[in-house]
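Working notes for the structure below.
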Amino acid sequence: MTGLLTLITFLPAAGAVLVFLVPRRREVATKTITVAVAAATFAASVPLYWGFDPTRADYQFPDWHAWMPTLGISYHLGVDGISLLLVLLTTFLMPLVMLSAWNAIESRWKEFAITMLLLETGMLGVFVALDLFLFYVFWEAMLIPMYLVIGIWGGGNRVYAAIKFVLYTLAGSLLMLVAILALYFQHGAATGIYTFDLPVLAQFVLPAGLNQNLLFLAFALAFAIKVPMFPFHTWLPDAHVEAPTAGSVILAAVLLKMGTYGFLRFCLPLFPQASLMFAPWMFLLAVIGIIYGAWVSTVQPDIKKLVAYSSVSHLGFVVLGLFTLTPQGIVGGIIQMVNHGLSTGALFLLVGMIYERRHTRLIAEFGGLWSVIPAFSAVLMIVTLSSLGLPGLNGFVGEFLILVGAFQVNRAVAVFAMTGIIFAAVYLLWMYQRVIFGSVTNEANRRLPDLTPREWVVLLPVLLFIVWIGVYPATFTGMTETSVQSLITQVQSKAAATAALLAK
């Protein structure tokens, strides 16, 4: 199926061109085309799952063309068990997000649709690019649409939040660009082959020492900001709170995963010795993020800000799992990326739905909603329990595997990380109790409409996967296991080769 990844990646961009050609006065047609293009992209991506061979560790559905051959730059796409689920998560959520924005975006819907479709192309390109130059192009191109989404359709403080988001991300990505070029020239000097091709560079044993450590840190900083890990997280609450609901969902569900994906795809295989050396520090920052994110979430008066800070805690679990370098930890980290995308994405959707009704997100403004909007309250309960890791729902699977991996490496780290699950129950259940239970104290809440058919269409597919992954996770974890084991073997063998070179 050569060309399938190109089709999936650039179909949203082609859809953006189509939307551009639709007259502005035909807003319903614009909305319909946008949702249809996003749905067609998801439909095109489904064959990736059915055609993927989980017993192979190599990149599948490859698409390679010479781009700038004299510079060693190629157009190289492919997926393995690490990127497959993230591609599917992106294409699955986008039509639901655009459907959720049907009435929520009140101005410039045409421009919003074009921006979101271009953003989808950028996100998909990051996950499928196997050339470091191409990856960097997609990584930077994705910033512009997200900046516009926050800065144009966001809240009252949107310009500040958008600029902060761009400045933080640019600071890290420019360092990563320097590291990419340094790796390119070192590989060329050592082998005579100047290339940005990731599979080729991943076979290169970079000498251990200060050089490898600095390259690791340059990549790691870019990814840590994107995750965001403590203490690089301060852009996240502003961006989440000011972004429109659709922007918040995509930001939490997909964009944050690019940081954790980057650790897996680049830091571990390219800099194995440095990854092992810095793993204890990554554990420390991950655990601080888990506990800090939970504590700060507990005291938030705004539901959206509470959910935003919860991402710092949940993504801390993912980073912890990845750097255990155990099959359970890494598989758990990958599936937890998907789980966080579904659960936190659904939480932001629900917060957006209640905001459309009341135009406030303050917890103190609610109370007693179960008697007024029982369907909304029931869905919020399921998603809340999913987010805190209740067995039988998706969140439990990822956290359990991550903690199993962490226990094998460092029991103290695992014990501290487990407290994050307890704190998650505190802030999520306390929020739910104050918003949903009790008596209706605010007269404005007595006449709220319950979920509409359009909102059910948005929420039901997400609920399906929340339960599916919780009950039978092997459908998804089975896709990642061979690639994860291959990655671990590659890191360990390269680290041993590096150590052998040092011993000579």
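The values are calculated or read from the model by the stated rules, or taken from the named source; none is laboratory data. Every value quoted in this text rests on a predicted model; they were computed, and no experiment measured them. Don't worry about glycine lacking a Cβ; one is built from the backbone with ideal geometry, like all the others, and counts go over all protein chains shown.
A quick yes/no check of all residues on (1) in contact with a Leu (Cβ under 9 Å, 6 or more places away or on another chain); (2) part of a helix (DSSP H, G or I):
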{"residue": "338", "(1), (2)": "yes, yes"}
{"residue": "343", "(1), (2)": "yes, yes"}
{"residue": "348", "(1), (2)": "yes, yes"}
{"residue": "352", "(1), (2)": "no, yes"}
{"residue": "364", "(1), (2)": "no, yes"}
{"residue": "380", "(1), (2)": "yes, yes"}
{"residue": "383", "(1), (2)": "yes, yes"}
{"residue": "389", "(1), (2)": "no, no"}
Checklist entry - Hey, does segment 311-331 have a residue that's surrounded by fewer than 24 Cβ atoms within 10 Å (Cβ to Cβ), aliphatic (A, V, I, L, M) and either outside any helix (DSSP H, G or I) or on the phi > 0 side of the Ramachandran plot (or both)? => result yes
Item to check | Verdict on residue 70 being in contact with a Gly (Cβ under 9 Å, 6 or more places away or on another chain) and either more than 19 Å from residue 195 (Cα to Cα) or not acidic (Asp, Glu) (or both) | outcome: no
Checklist entry - Restricting attention to segment 241-250, which residues are buried (at least 24 other Cβ atoms within 10 Å of the Cβ) and in a helix (DSSP H, G or I)? => result 242, 246, 247, 248, 249, 250
Checklist entry - Which condition number does residue 102 fail, the rest of (1) out of contact with any Leu (no Cβ under 9 Å at 6 or more places or on another chain); (2) surrounded by 21 or more Cβ atoms within 10 Å (Cβ to Cβ) being met? => result (2)
Checklist entry - Which numbered condition trips up residue 223, out of (1) closer than 25 Å to residue 70 by Cα; (2) in contact with a Gly (Cβ under 7 Å, 6 or more places away or on another chain); (3) touching a residue at least 24 places away in the same chain (Cβ under 8 Å)? => result (1)
Item to check | So residue 70, is it polar (S, T, N, Q) and assigned to a loop (DSSP other than H, G, I, E, B) | outcome: no
Checklist outcome for this item: Of those in segment 95-115 that are in a helix (DSSP H, G or I) and in contact with a Pro (Cβ under 7 Å, 6 or more places away or on another chain), the residue nearest to residue 141 (Cα to Cα) is 115
Next on the checklist: I'd like the full set of residues that are farther than 21 Å from residue 95 by Cβ and surrounded by 14 or more Cβ atoms within 10 Å (Cβ to Cβ), limited to segment 451-477.
Outcome noted: 470, 473, 477
Next on the checklist: Which of the numbered conditions does residue 229 fail, given that it passes all the others? Conditions: (1) at pLDDT below 90; (2) in a helix (DSSP H, G or I).
Outcome noted: (2)
Checklist entry - Does at least one position in segment 201-213 carry a residue that is touching a residue at least 40 places away in the same chain (Cβ under 8 Å), under 25 Å from residue 103 (Cα atoms) and of a type in the set (S, T, N, Q)? => result no
Checklist outcome for this item: So, first residue touching a residue at least 60 places away in the same chain (Cβ under 8 Å) in segment 446-465, second residue assigned to a helix (DSSP H, G or I) and among the polar types (S, T, N, Q), Cβ within less than 8 Å, six or more apart or across chains; the pairs are 455/100; 458/100; 465/394
